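J.: After the structure tokens below, expect a handful of questions from me.
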Amino acid sequence: MDRAFLYGDRFFDTIIYRNRQIEFWKYHLERIRASAQVLYFENIATKSEHEWLQEIDCILELRHLKNQTCRIRIVAFREEGGFYRPEKKQARYLIEIQVMDFFPSSIVEKVDFARTVQTYYTCYSPYKIHTIPYVLAGIEANERNLDDLILTSPQGYISEAISSNLFWYYNGIFYTPLLETGCVAGVVRRAILEYFKSKKIPFQEIACKRDFFLNAEHIWFVNVTGIRNVRRIMECEYTVKPFPIQFGELLAALS
């Protein structure tokens, strides 16, 4: 039995293929390699860009998906051997491609703070390695009939949503949580921050607590599927306003 099943000895990365291109591929590739280095998956860390793109293109071609919008999920897991002391630093991997027939609403209506789950900063928290907290947060959101939850660190610092990074705007400045709060290093988060730097748009990566965050003028959830406005967190309501950068601009900046 594979170690992904037995020990969770794996990572994954989710990528969007749209308009016949892999979105944010440069950042995805860097994150795949960084994840592999953290887990000592030596063959994955050194796998060439050409090999990845050739294999993805082959699957798209064989399944007649080149004109579709798809979700690509790359899962890498260590080869068998050993218990908590693995015998190998080599990994196998799976490339799964599915047509996307559902896109999240552009507005998130009902959000609250998680009660059962917190984020923790570790060497692997920026990557999609330890995902049980997000599964438990999803269960909590379902049970509380909420659209999403805000996760915080043990110190009470704002971190992220269940499957999205956070951005908010207050008094002329855009804010997003520091990675040290335990949030995932999302590729769209990175693209936005790089864009802000290039255009000299004021922003800060910060560790802040609930009161400062809730005073925001506008709040957005961002991930590879898109950028969504938050309308309400607890009893606080926010003005729905489009994010000042569109996906097309972010992708163009990377080309």
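J.: With a Cα-only, solvent-free Debye model of region 107-254, what are the log10 I(q)/I(0) values at q = 0.11, 0.14, 0.21 Å⁻¹?
T.: Log10 I(q)/I(0), no solvent term: -0.38, -0.62, -1.47.
J.: Can you give me the Cα centroid spacing of region 50-89 and region 137-195 in angstrom?
T.: If we compute the Cα centre of each part, the gap is 27 Å.
J.: On to the next question. Can you compute the helix-only [θ] at 222 nm over the chain? Use -39500 (n - 2.57) per DSSP H run of at least 4 residues, normalise by all residues, nearest 500 deg cm²/dmol.
T.: Details: 8 runs with 76 residues, N = 255.
The helix contribution divided over the chain gives -8500 deg cm²/dmol.
J.: Let me ask you something else. What is the dipole size for region 107-254, taken about its Cα centre, with +1 at each Lys and Arg Cβ and -1 at each Asp and Glu Cβ, in debye to the nearest 20?
T.: Working: 15 positive and 15 negative charges, 66 e Å.
With Lys and Arg at +1 and Asp and Glu at -1, about 320 debye.
J.: For Val135 and Val38, what does the FRET efficiency come to when R0 = 35 Å and r is the distance between their Cβ atoms, rounded to the nearest 0.05? Spell out each step's value before the answer.
T.: Details: r = 20 Å, r/R0 = 0.58.
Once rounded, the FRET efficiency stands at 0.95.
J.: Give me the extension gain from Glu205 to Met100: residue separation times 0.36 nm, minus the current Cα-Cα distance, reported in nm with one decimal.
T.: On the way: separation 105, 0.36 × 105 = 37.80 nm, distance 3.17 nm.
Between Glu205 and Met100, full extension yields 34.6 nm more.
J.: Among DSSP beta bridges whose residues both lie in the chain, state the antiparallel percentage, nearest 5.
T.: Details: 36 of 46 bridges.
Rounded to the nearest five, the antiparallel share is 80 percent.
J.: Based on the Cβ-Cβ distance of Glu109 and Thr46, what FRET efficiency does E = 1/(1 + (r/R0)^6) give at R0 = 51 Å, to the nearest 0.05?
T.: Details: r = 45 Å, r/R0 = 0.88.
Computed FRET efficiency for Glu109 and Thr46: 0.70.
J.: Also: What is the extension gain from Ala252 to Lys26, computed as 0.36 nm multiplied by their sequence separation minus the C-alpha to C-alpha distance, in nm to one decimal? Walk me through the intermediate numbers first.
T.: Values: separation 226, 0.36 × 226 = 81.36 nm, distance 1.25 nm.
Working it through step by step, the gained length comes to 80.1 nm.
J.: Of the DSSP beta bridges with both residues in region 113-255, give the percent that are antiparallel, rounding to the nearest 5.
T.: Values: 17 of 22 bridges.
Roughly 75 percent of the beta bridges in region 113-255 run antiparallel, per DSSP.
J.: Once all Cα-Cα distances of region 42-178 are split into 10 Å bins that start at 0, what whole-number percent is in each one?
T.: 9, 27, 30, 27, 7, 0
J.: How would you rank 173-183, 15-25, highest first, on the average number of other Cβ atoms within 10 Å across their residues?
T.: Per-residue Cβ counts within 10 Å, averaged per peptide and sorted highest first, yield 173-183, 15-25.
J.: About the Cα centre, and with charges only on the beta carbon of Lys, Arg (+1) and Asp, Glu (-1), how big is the dipole of region 1-89? Nearest 20 debye, please. Please report the intermediate quantities before stating the final value.
T.: Numbers: 16 positive and 14 negative charges, 56 e Å.
Approximately 280 debye in magnitude.
J.: Ranked from highest to lowest mean number of other Cβ atoms within 10 Å per residue, what is the order of the peptides 78-85, 26-33?
T.: Working: 78-85: 12.2, 26-33: 18.5.
Answer by packing, highest mean first, reads 26-33, 78-85.
J.: Can you compute the charge dipole magnitude of region 153-213 about its Cα centre, using +1 on each Lys and Arg Cβ and -1 on each Asp and Glu Cβ, nothing else charged? Give it in debye, rounded to the nearest 20. Write down the numbers at each step before the final one.
T.: On the way: 7 positive and 5 negative charges, 42 e Å.
Its charge dipole is roughly 200 debye.
J.: Still on this structure, I have one more. Please state the shape class of region 3-99: rounded when a/c is under 1.5, otherwise prolate if a/b exceeds b/c and oblate if not, all from the C-alpha gyration tensor. All intermediate terms of the calculation are to be shown ahead of the outcome.
T.: Working: a/c = 2.46, a/b = 1.99, b/c = 1.24.
Note, shape of region 3-99 comes out prolate.
J.: Over the Cα atoms of the chain, what radius of gyration and what Dmax do you get, in Å?
T.: 18.7, 55
J.: A further question on this structure: What order do you get for 239-249, 48-58 when each peptide is scored by the mean count of other beta carbon atoms within 10 Å, highest first? Can you show the working numbers first?
T.: Numbers: 239-249: 13.9, 48-58: 12.3.
With the highest mean Cβ count within 10 Å placed first, the list reads 239-249, 48-58.
J.: Hey, another quick one. For region 1-46 and region 200-249, compute the distance between their C-alpha centroids and round to whole Å.
T.: One Cα centre to the other: 27 Å.
J.: Follow-up question, since we're still on this one. Round to the nearest 0.05 the FRET efficiency obtained for Glu194 and Gln68 when R0 = 30 Å and r is the Cβ-Cβ distance.
T.: On the way: r = 28 Å, r/R0 = 0.94.
Once rounded, the FRET efficiency stands at 0.60.
J.: Also, quick follow-up: Run the simple label-point estimate for Ile59 and Thr122 please: 7 Å along Cα→C-beta, distance reported in nm.
T.: So the two model labels end up 2.6 nm from each other.
J.: What residue among Val230, Tyr120, Gly172 has its Cα farthest toward the positive end of the dipole of region 107-254, where the charges are +1 on Lys, Arg and -1 on Asp, Glu, each on the Cβ?
T.: The residue sitting most towards the positive pole is Gly172.
J.: Run the numbers on the chain and let me know its relative contact order in percent, using alpha-carbon pairs under 8 Å that are six or more apart. Write down the numbers at each step before the final one.
T.: Values: 463 pairs, mean separation 46.1, N = 255.
Dividing the mean separation by the residue count of the chain yields 18 percent.
J.: Sticking with this one: Residue farthest toward the positive end of the dipole of region 122-255, with Cβ of Lys/Arg at +1 and Asp/Glu at -1: which of Ala185, Phe243, Ala253?
T.: Ranked along the dipole, the leading option is Ala253.
Bear in mind these aren't lab numbers, they're just calculated from the coordinates by the rules spelled out. Because the structure is predicted, anything quoted here is derived from the model rather than measured. Here Cβ is always computed from backbone atoms with ideal geometry, including for glycine, and neighbour counts include all displayed protein chains.
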